[in-house]
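First the structure, in the form of structure tokens, and then the observations on it.
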Amino acid sequence: MSVTVIGAGLAGSEAAWQLARRGIEVNLFEMRPHKNTPAHHTQNFSELVCSNSLRAAAIENAVGLLKEEMRRLGSLTMLAADKHRVPAGGALAVDREGFSREITDLLENNPLVNIHREELITIPEEGIVIIATGPLTSPDLSQAIARLTGEGYLYFYDAAAPIVSLESLDLNKVFRASRYGKGEEAYLNCPMTREEYDVFYNELINAERAPIKDFEKQVHFEGCMPVEVLATRGRDTLLYGPLKPVGLTDPRTGKRPHGVVQLRQDNAEGTLYNLVGFQTNLKWGEQKRVFSLIPGLEKAEFVRYGVMHRNTYINSPELLEPTLQLKSDERIFFAGQITGVEGYVESAAAGLVAGMNAALLALDKKPVMMPRETAHGSLLHYITTAPGGNFQPMNVTFGLFPELPVKIKGKRERGKAQAERSVQILEHWMEQEKTIQI
Ligand code: FAD
């Protein structure tokens, strides 16, 4: 039996490799060079459309650990990255042409991989299919995906607010409450005095913004305004919008604060919180500087910064199993950025799992779930269980991992302990899980 993979980007190329190394024939469809996306410039597979960095190399960092797990799982992306590494301090950066050329050559020369340079505009009605068409999925195929998943479950842009870790907040300054005491005390509230608000406001409106690409301008027309743009409408506008204090009393003063920033729980475990209404286009360094002026966030760890960019992705918590199969049709897998993971490495990692599981299905075996304590398992757990309603893409971060059995002081030491646990569990799982062995 052969498997169809749509899209030869970071995820699709990795998925095709995982299938072929398990002896499964692959039909890999890539629309470039006949039809391009607004971001790709070459006809190479796994093209890095922007930075040439695959981010931190050390495994004490969650993305470093994800890469190490990929190496152990026989990743094509990591094989090419390690071979084409260029000096970049603590990061794993690559010669972008060498990296994607290597991946293209290895797939083109693999007798089990049939390459079709064409755009697919429908989803094959039979056989196993992996959809890995990325954040810039072609419009016709996007429509086919919307028909498959339901219109409301496919998003076209990502207007995300920053996310901070609970453990980094100053809980002496914030209080738990819902507006007017309605329902559970669902929010963490950061109260501001008039003076604190004024300082924050001035820094916000003058902060440096990220440039917007032409093909991303539509994001602003689609009605999701960045907090810094809303602020420029007037000094008090935010106090009637995302920072409105009505219905909230600060238990420390017994009074209504001048303004309140609300933080909403972002993962099932309650270790991550997003800043409500703070979708933003500020540069990342500026987000850290300006949002750290919010009382309680002085030392906040930003596990994800806010972004506003074009991004096609599905509502994975509603639609996908942690095996990356569609709940309503188990022969269809999604992989890469379209599942709501964010970043080159995360996209390739999702491709690896989808490819491995599609191979198992093709061999009449049961697809597997990656252990929860691994970086792969934690990332896929997040995208398939994130609380409903407001699902937004995510990089891998230790905030997504299950807590360690003992508290460890120091970020680096905690990262090291997380990494040791993950690698040990992954190794044990790979030994036990006979079906994935090659
Ligand atoms: P892609 O790598 O985009 O692969 C999808 C492939 O599918 C493409 O080759 C495309 O041509 C093809 N395709 C689309 N539709 C069809 C169709 N109908 N039929 C056949 N083929 C099709 N992440 C980072 O970590 N660092 C960055 O610096 C970074 N910069 C980014 C900049 C931009 C402008 C964008 C849009 C994203 C960026 N990302 C970055 C996010 C993300 O990591 C990349 O987009 C990554 O390439 C996603 O991998 P993917 O495999 O899901 O999609």
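Any read-out appearing in this document is the output of simple, stated calculations on the displayed coordinates, not a laboratory observation. Here the structure is a predicted model, which means the values were calculated and not measured. Methodologically, a virtual Cβ is constructed for each residue, glycine included, from the backbone with ideal geometry; neighbour enumeration extends over all protein chains shown.
Over the residues of the chain, the helix contribution to mean residue ellipticity at 222 nm works out to -9500 deg cm²/dmol, using -39500 (n - 2.57) for each DSSP H run of at least 4. At the listed q of 0.09, 0.10, 0.11, 0.18 Å⁻¹, the Debye profile of the stretch 86-201, built from one uniform point per Cα, gives log10 I(q)/I(0) equal to -0.63, -0.73, -0.81, -1.10.
All other residues whose Cβ lies under 15 angstrom from that of Thr42 are scored, Lys and Arg at +1 and Asp and Glu at -1, for a net of -2. Membrane-span-like helices in the chain (whole DSSP H runs, Cα extent of at least 24 Å along the helix axis, mean Kyte-Doolittle hydropathy of at least -0.5): 344-362. Compactness of the chain, taken as the C-alpha radius of gyration over 2.2 N^0.38 Å, stands at 1.00. Only Cα pairs under 8 Å and 6+ residues apart enter the sum, and on that basis the relative contact order of the stretch 98-231 stands at 13 percent. By the rule of a C-alpha distance below 30 Å, with chain neighbours fewer than 8 residues away ignored, the lysines paired with Lys213 are Lys35, Lys67, Lys283, Lys288. Taken over the alpha carbons of the stretch 20-132 as equal point scatterers, the Debye sum produces base-10 log I(q)/I(0) values at 0.13, 0.21 Å⁻¹ of -0.60, -1.26. Loop by DSSP (not H, G, I, E, B), at most 14 other beta-carbon atoms within 10 Å: where is the longest site-free stretch of the chain for GluC sites (Glu not before Pro)? The longest uninterrupted stretch comes out as 1-117. Considering only beta bridges that DSSP places wholly inside the chain, some 65 percent are antiparallel. Taken over the stretch 1-77, the percentage of Cα pairs per 5 Å bin, counting from 0 up to the bin with the maximum distance, is 3, 14, 20, 20, 18, 15, 9, 2, 0. Relative contact order of the stretch 7-107, taken over Cα pairs closer than 8 Å and 6 or more residues apart, is 29 percent. Across the stretch 298-438, Cα-Cα distances exceeding 25 Å account for 31% of all pairs.
Computed from the Cα positions only, the extents of the stretch 365-438 along the three principal axes stand at 39, 34, 18 Å, in decreasing order.
Applying 1/(1 + (r/R0)^6) with r as the Cβ-Cβ distance of Lys327 and Glu195 and R0 = 51 angstrom yields a FRET efficiency of 0.50. Only Cα pairs under 8 Å and 6+ residues apart enter the sum, and on that basis the relative contact order of the chain stands at 22 percent. Set the Cα radius of gyration of the stretch 94-162 against 2.2 N^0.38 Å, with N its number of residues, and you get 1.45.
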